[in-house]
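Heads up, the thing below is written out as structure tokens.
The values are calculated or read from the model by the stated rules, or taken from the named source; none is laboratory data. Since the model is a prediction, treat every value here as computed from it, not as a measurement. Reconstructed Cβ throughout: ideal geometry from the backbone, glycine too, with neighbour counts over all protein chains shown. Only protein heavy atoms, including side chains, enter the accessible area calculation; ligands, DNA and RNA are left aside. Shrake-Rupley method; radii C 1.70, N 1.55, O 1.52, S 1.80 Å.
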Amino acid sequence: MAGARRARQETRREIERFLSTEPVQVAELDLGDGEEEAGLRPGPGSPPVTSGPVFVLVRRAGRPVGTLLGRVPEGADPTRTLAELARRLHPGAPPAFAPPHGPPSAPPSAGVVVATRERAGQLARALDSLLAQDHPDYEVVVVDNAPVTGETRELVERKYAERVRYVCEPVPGLAVAHNRGLAAVRSEVVAFTDDDVVADPRWLTELTAPFAADPRLGCATGLILPARLRTPAQVLLESHGGFAKGFVPRTYDPHHPPADEPLFPFTAGRFGSGANMAFRTAALRAAGGFDPATGAGTRARGGDDLYGFVRVLAEGRRLHYTPTALVWHHHRETWRDLETQAYGYGAGLTAYLTAILVNRPALLPAFLARLPRGLAHARGLTAVRDTDGGGAPGDHDERTHPWPRRLSRLQRRGMVYGPVGYLRARYALRSAPRGTR
């Protein structure tokens, strides 16, 4: 009883500290090519930048090169203040962003799949950005997952019927919806994003171009940054890295496992996230698509994207992370959202590992060999991640707010539950009436 009382008191203190977190503006700053003046604009859906803290995406000649946290003093010019800070922190584009020799290859044809459920307002914002892509040859498919109203169908038919295909998937679950979209696309590459993102105009071109350059490439992922940092939950999540994987391109090859990734390929969360991923369509279909017992909307809670990454790698295909393929993500907004997310992430992690071993038992020896280090890695993931500072996110390698113990405990509970959740989800699918499978 005393321990439970202390835990409740600790959680109350954590929530009080959490609620005192200051909101942060989001902006983009382009430093040009060295001769142009810097240009500042607010992030998607944000008002013009004023005084106060600002999370800034720094670009050079349009290409993302890093992020920073700046504070604009009262009465100061935001563009000049942030440009001076950016030039100190990002004096030049890193070598990885040097222009390629010769003309770039044309990107392959692409199909974009957006799974959604009863979020027509957010979906419209995402579709507007997807229809503004500079890719020369692409299609957009909306998968309405287990709808309870006709709002999504009505939105697509009324506003986007000429350029967006509507597909209904009655069985709930993100992986099921993604598989329905995979079956519907007619393109060489299939890309997936969420209904709560705003895609950069070059997102699809940058995400799919690597497939033209590398015949063995099976999957590509891209950069995810916060569209807003208005609430404490959004600031806290981004302070601990959010969904970003950095600004250095990287290729993962199963034939040449990375020396700095001893758990490869089972730490699939390092590769990217489901809000910004693409697959060679034939490769994903050959791998069987996503496991329908994983993902949001199932008892497994998540893990569908991680499952897809590992399955494609297990087929001998490469995976490439490209930070120039950018989407802006609308993070969860409340403490309750963070609790749900922490538990779901923990559950999804162990659920996807269970799914991999169930569907590819040949991977079991490799998994067991990595298990001791994997357990240590899991403890690190759920550790209480403290910090010395206040402030707000800027450098994704710095944690600027302590991670609450309550969320760490929930993530650990989710990890314990994940295998059970996955098996329950498989049973639910087998028990579903034939017409809804």
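Relative contact order for the range 266-351: what is it in percent, counting Cα pairs under 8 Å that are at least 6 residues apart?
Details: 72 pairs, mean separation 30.8, N = 86.
The value is 36 percent.
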- Task: On the protein heavy atoms, probe 1.4 angstrom, tell me the percent of accessible surface of the chain carried by carbon and sulfur.
- Result: 53
- Note on the structure: Candidates H90, H330, H255; GNM for the chain (alpha-carbon contacts under 10 Å) flags as most fluctuating H255
- Query: So what is the diffusion coefficient of the range 112-172 in µm² per second by Stokes-Einstein at 25 °C and 0.890 mPa s, using a Kirkwood Rh over Cα pairs?
  - Reply: 210
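DSSP beta bridges in the range 1-64, what fraction antiparallel, as a percent rounded to 5?
Antiparallel bridges: around 50 percent, rounded to the nearest 5.
Under 11 Å from the Cβ of P107, count the other residues' Cβ atoms, weight Lys and Arg +1, Asp and Glu -1, and hand me the total. Don't skip to the answer; put the middle values down first.
Working: positive: R202; negative: D134, D137, E188, E206.
Neighbourhood net charge equals -3.
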- Task: Place +1 on the Cβ of every Lys and Arg and -1 on the Cβ of every Asp and Glu in the chain, take the dipole about the Cα centre, and give the residue among F271, A124, I224 whose Cα lies farthest towards its positive end.
- Result: F271
- Note on the structure: In deg cm²/dmol, rounded to the nearest 500, the helical mean residue ellipticity at 222 nm of the chain, built from -39500 (n - 2.57) for every DSSP H run of length 4 or more, is -12500 deg cm²/dmol
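Could you list the GluC sites (Glu not before Pro) in the range 285-364 that lie in coil according to DSSP, counting only those with at most 16 other Cβ atoms within 10 Å of their Cβ?
Here the sparse-neighbourhood loop sites are E315, E333.
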- Extending each Cα 7 Å along its Cβ direction at C168 and D33, get the distance between those two points in nm, one decimal. 5.2
- Item | For the chain, accessible area per residue (1.4 Å probe, heavy atoms of protein chains only), Å² | 45
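Net charge within 10 Å of G297 by Cβ-Cβ distance, Lys/Arg positive one each and Asp/Glu negative one each, not counting G297 itself? Walk me through the numbers on the way to the answer.
Values: positive: R117, R299, R301; negative: D304.
Summing Lys/Arg as +1 and Asp/Glu as -1 gives +2.
So, counting K/R as plus one and D/E as minus one, what does the shell of residues with Cβ under 12 Å around L174 add up to?
Values: positive: R117, R180, R301; negative: E169, D194, D195, D291, D304, D305.
Computed value for this residue: -3.
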- Note on the structure: Extension length gain for A428 and R5 (0.36 nm per residue less Cα distance), in nm, is 148.6 nm
